[in-house]
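The values are calculated or read from the model by the stated rules, or taken from the named source; none is laboratory data. The model shown is predicted, which means the values in this text are computed figures rather than measured ones. When we count neighbours, we look across all protein chains shown, and the Cβ atoms used for this are built from the backbone with ideal geometry, even at glycine.
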Amino acid sequence: MTVVRTRFSPSPTGSLHLGGTRTALFNWLFARHHQGVFILRIEDTDRERSEERYVREIKESMLWLGLDWDEGPYFQSARLPLYREYIQRLLDQGEAYYCDCDPADLETRRQEALARGDKPKYDGRCRELGLKPGPNTAVRFKTPLTGTTNWHDRGKGPIAFDNRELDDLVIQRADGIPTYNFAVVVDDITMGVTHVIRGEDHIPNTPRQILIYQALGAALPEFAHMTVTLAPGGGKLSKRRGAIPILDYRERGYLPQALVNYMVRLGWAHGDQEIFSREELIKYFSLEHMSKSPGVYDEEKLLWLNAHYIKETPLPELAGLLQPFLERLGIAAKDLNYLARVAGTLNTRSKTLVEMADQARFYFQDPRPYEEKGARKFLTPESAVHLEEIKKRLEALAEFSEAALNQLFQDLTTETGLKMVQLAQPVRLALTGKTVSPGLFDIIIILGKEEVLKRLNLALDFIYKKQ
Ligand code: GLU
């Protein structure tokens with residue numbers, strides 16, 4: 001059996017977004033499913049638009065998501081002699097020819113065709129001229145003038161193109177640089193790529209590439225084109241609607257597992273299962289179950305998955321993830337044990353790490369100013385009496401445990417006839433500044449006696465000063 005070899009071949013002309021990353025993910029999953037090889041190839045023949053920082057960002061994005069590659073990164077810019085060799089082969093075989101048409105003329109002819117309502121196509125003017133190489137000569141591929149080019153797409157089913165629709169495309173520009181459609185074929189042949197999995201926007205390129213494979217006498221890989229992802233309500237993803245750099249999701253407090261799980265479901269299904277471990281994805285992934293219709297970006301679903309993975313993350317690990325988000329708020333939470341306990345009170349209450357860090361503030365910072373409405377309602381002279389009593393009893397308590405605290409508050413409800421919430425809310429406000437927080441006893445235990453008493457005093461001061 002031949003080993004499955006897939007590749008992800010981004011152009012380093014911008015950040016990696018959801019669409020491109022999903023292509024990487026599908027190629028990675030398919031390779032892992034078949035214990036094959038996943039190749040990273042950087043398509044940087046566009047020297048002007050390619051930037052080193054994007055190469056770094058692409059690699060960082062992939063590694064963050066756990067999409068490790070087995071070979072590469074290969075750089076097309078380092079393979080120019082190879083492309084020339086293959087160009088020469090096609091020229092020698094009479095499958096390609098030199099063309100010295102002036103770019104300005106070509107543009108005029110293109111405009112004229114458009115004005116006539118024709119599809120703009122190269123008219124084949126240089127096809128039979130037998131031109132020699134010169135300073136301003138490009139190389140064009142001799143596309144067959146008749147017949148059809150078809151393939152069975154593993155994502156889309158059978159696809160056919162009439163060769164007359166395809167013109168003689170430039171395969172090497174006048175500056176000696178090969179074009180995308182040519183370089184990609186030479187790369188996929190020489191790298192032994194067995195499966196080309198990519199976005200459906202590349203379907204029109206595929207017949208051109210197939211014809212080049214055939215001219216070079218090479219076996220075709222399998223092609224699988226994936227559906228696009230649309231913005232909610234239709235249309236393309238935009239900056240405001242999902243088209244942000246992948247690493248921005250990290251900044252926004254998303255976990256890589258959530259994003260991977262989310263992306264896979266945008267173009268693939270396994271029954272109606274929504275949540276997949278990485279092992280399950282590798283086990284179940286198949287091209288046959290790629291979606292036939294476009295996925296729609298849904299931030300709520302991503303948040304839901306993120307909340308799920310936050311909940312699933314072991315607390316010591318979660319503490320490590322949370323730390324930099326607290327740092328951004330100016331909180332140096334160095335004690336990871338403490339932070340793990342803090343995270344344990346918030347992991348079912350936060351959809352992102354950003355949210356979690358914000359909710360964790362009170363553990364590290366003065367809870368004041370108190371939430372205004374809550375303070376008006378709960379930090380009153382009447383509650384001061386109870387706060388004083390709670391303070392006294394907490395002070396006397398030898399050990400802060402769930403059971404001891406429960407007992408303390410139970411006793412007070414019996415003695416005062418007040419409901420638990422009436423006693424708890426003033427304390428909650430004193431300790432957290434808010435009316436909604438994690439479980440009060442957890443907070444009391446984590447903050448510890450000294451801090452709790454200090455905060456109760458502050459709240460009492462606040463009440464007395466208001467008088
Ligand atoms: N560099 C191309 C892109 O970023 C790769 C297309 C392909 O996979 O063949 O779209």
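Out of all the residues in region 175-210, which are aliphatic (A, V, I, L, M), in a loop (DSSP other than H, G, I, E, B), under 28 Å from the mean Cα position of the chain (by Cα) and more than 10 Å from the ligand (Cβ to nearest atom)?
Within region 175-210, MET191 is the sole residue that qualifies.
Look through region 220-240, keep the residues that are touching a strand residue (DSSP E or B) at 6+ places or on another chain (Cβ under 9 Å) and in a strand (DSSP E or B), and return whichever of them is surrounded by the most Cβ atoms within 10 Å (Cβ to Cβ).
MET226
Please go through region 259-281 and give me each residue that is in a helix (DSSP H, G or I) and within 18 Å of the chain's Cα centre (by Cα), ordered by number.
LEU259, VAL260, ASN261, TYR262, MET263, VAL264, ARG265, ARG278, LEU281
Examine region 353-367 for a residue that is polar (S, T, N, Q), part of a helix (DSSP H, G or I) and exposed (fewer than 14 other Cβ atoms within 10 Å of the Cβ), and state whether such a residue exists.
Checked against the condition, which is being polar (S, T, N, Q), part of a helix (DSSP H, G or I) and exposed (fewer than 14 other Cβ atoms within 10 Å of the Cβ), region 353-367 yields no hits at all.
The conditions are (1) in a loop (DSSP other than H, G, I, E, B); (2) away from the ligand (no atom under 16 Å from the Cβ); (3) surrounded by 14 or more Cβ atoms within 10 Å (Cβ to Cβ), and PHE161 fails exactly one of them. Which is it?
Exception for PHE161: condition (1).
Name the residues in region 169-195 that are closer than 15 Å to PRO135 by Cα and either crowded, with 17+ Cβ neighbours inside 10 Å or of a type in the set (A, V, I, L, M) (or both), would you?
Selection gives GLN172, ALA174, ILE177.
All but one of (1) part of a helix (DSSP H, G or I); (2) farther than 30 Å from PRO324 by Cα hold for ALA343; which doesn't?
(2)
Here are some residues: LEU80, LEU90. Which one is hydrophobic (A, V, I, L, M, F, W, C), touching a residue at least 40 places away in the same chain (Cβ under 8 Å), under 17 Å from VAL184 (Cβ atoms) and in contact with a Leu (Cβ under 8 Å, 6 or more places away or on another chain)?
LEU90
For HIS152, all conditions in the list (1) within 16 Å of the ligand (Cβ to nearest atom); (2) at pLDDT 95 or above hold save one; what is the number of the exception?
That leaves (1) as the condition not met.
With respect to ARG393, is the statement that it is closer than 23 Å to ASP358 by Cα, in a helix (DSSP H, G or I) and of a type in the set (Lys, Arg) true?
Spelling it out, it is not the case that ARG393 is closer than 23 Å to ASP358 by Cα, in a helix (DSSP H, G or I) and of a type in the set (Lys, Arg).
For region 315-366, name all the residues that are more than 22 Å from LEU458 (Cβ to Cβ), acidic (Asp, Glu) and touching a residue at least 12 places away in the same chain (Cβ under 8 Å).
Hit for region 315-366 is GLU355, nothing else.
Can you name the residue in region 136-150 that is of a type outside the set (D, E, K, R) and crowded, with 18+ Cβ neighbours inside 10 Å and, of all such residues, is farthest from TRP268 (Cα to Cα)?
Top of the filtered list is THR137.
If a residue has to be surrounded by fewer than 15 Cβ atoms within 10 Å (Cβ to Cβ) and within 24 Å of PHE362 (Cα to Cα) to count, how many in region 405-433 make the cut?
Residues in region 405-433 being surrounded by fewer than 15 Cβ atoms within 10 Å (Cβ to Cβ) and within 24 Å of PHE362 (Cα to Cα): 3 in total.
Looking at region 1-17 only, could you name the residues that are within 13 Å of the ligand (Cβ to nearest atom) and either without any contact (Cβ under 8 Å) to a residue 12 or more places away in the chain or in a loop (DSSP other than H, G, I, E, B) (or both)?
Hits for region 1-17 are SER9, PRO10, SER11, PRO12, THR13, GLY14, SER15, LEU16, HIS17.
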